[in-house]
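Here is the structure we will look at.
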Amino acid sequence: MQDFIKNLPKLAKDKHNENKKFFAKLKKKPPKNLDYLMEDLHEAEFKRTDCLDCANCCKTTGPLFTDKDVDRIAKHFRMKTQQFINQYLRVDEDNDYVLQSVPCTFLGSDNYCSIYDVRPKACREFPHTDRKKFQQISNLTLKNVAICPAAFNIIEEMKKRIK
Ligand code: SF4
Ligand code: SF4
């Protein structure tokens, strides 16, 4: 797994043009069963891939924190919302709350998330490969395949299944 993660940026770069073309075609004419297919592919991949062997998303890119996330996590720590923001977050160029630094401060050395039950929505949903109308997030997915080995595999499988 570690070798795969190390090589992932290069593998994703090599596939970038092919993936871009694939998603452009997918957007124009998404198959009727796309939602079901993505559910299948997602489930099959995450049976094989254990996020605890990876944690590359938590190590290299932080999530966005919605206001609801901030309130929920601050409450979990019994902190005032503003105190939590000051300690852990910053506002990025898109005006969103993000982590002050990566790897995520809530990630343990065993790859467990110390706030798993209250983690941000973006963490719960990453890499979004079981999302409905998956063709609508192709730009995001083009980036995610360079971070997430599972997303990379899912897109490779998608290309085999959708001609
Ligand atoms: S979601 Fe992807 S990048 Fe994150 S830990 Fe799981 S396999 Fe790794
Ligand atoms: S909050 Fe948890 S799941 Fe989200 S990036 Fe941090 S360690 Fe990973």
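The values are calculated or read from the model by the stated rules, or taken from the named source; none is laboratory data. What you see is a predicted model, and the numbers here were worked out from it, not measured in a lab. All Cβ positions, glycine included, derive from the backbone under ideal geometry; neighbour counts span all protein chains shown.
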| What are the residues in segment 46-100 that are in a helix (DSSP H, G or I) and within 25 Å of Phe4 (Cβ to Cβ), if any? | Phe46, Lys47, Arg48, Cys51, Leu52, Asp53, Asn56, Cys57, Cys58, Lys59, Thr60
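Within segment 78-107, restricting attention to residues that are within 13 Å of ligand 1 (Cβ to nearest atom) and of a type outside the set (Val, Ile, Thr), which residue is surrounded by the fewest Cβ atoms within 10 Å (Cβ to Cβ)?
So the residue we want is Pro103.
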| query | Listed residues Ile155, Ile115; which is modelled with pLDDT of 95 or more, more than 15 Å from the chain's Cα centre (by Cα) and crowded, with 16+ Cβ neighbours inside 10 Å? | reply | Ile115
| request: Please specify each residue of segment 123-146 satisfying the condition of being more than 11 Å from ligand 1 (Cβ to nearest atom) and not polar (S, T, N, Q). | output: Asp130, Arg131, Lys132, Lys133, Phe134, Ile137, Leu140, Leu142, Lys143
| task | Would you point out the residue of segment 101-135, among those that are touching a residue at least 60 places away in the same chain (Cβ under 8 Å) and in a helix (DSSP H, G or I), that is farthest from ligand 2 (Cβ to nearest atom)? | result | Gln135
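Filtering segment 56-77 down to residues that are hydrophobic (A, V, I, L, M, F, W, C) and surrounded by fewer than 19 Cβ atoms within 10 Å (Cβ to Cβ), which residue is nearest to ligand 1 (Cβ to nearest atom)?
Only one residue fits best here, namely Leu64.
Which one of these is surrounded by 16 or more Cβ atoms within 10 Å (Cβ to Cβ) and either touching a helix residue (DSSP H, G or I) at 6+ places or on another chain (Cβ under 9 Å) or of a type outside the set (A, V, I, L, M, F, W, C) (or both): Lys15, Lys47?
When all the criteria are applied, what remains is Lys15.
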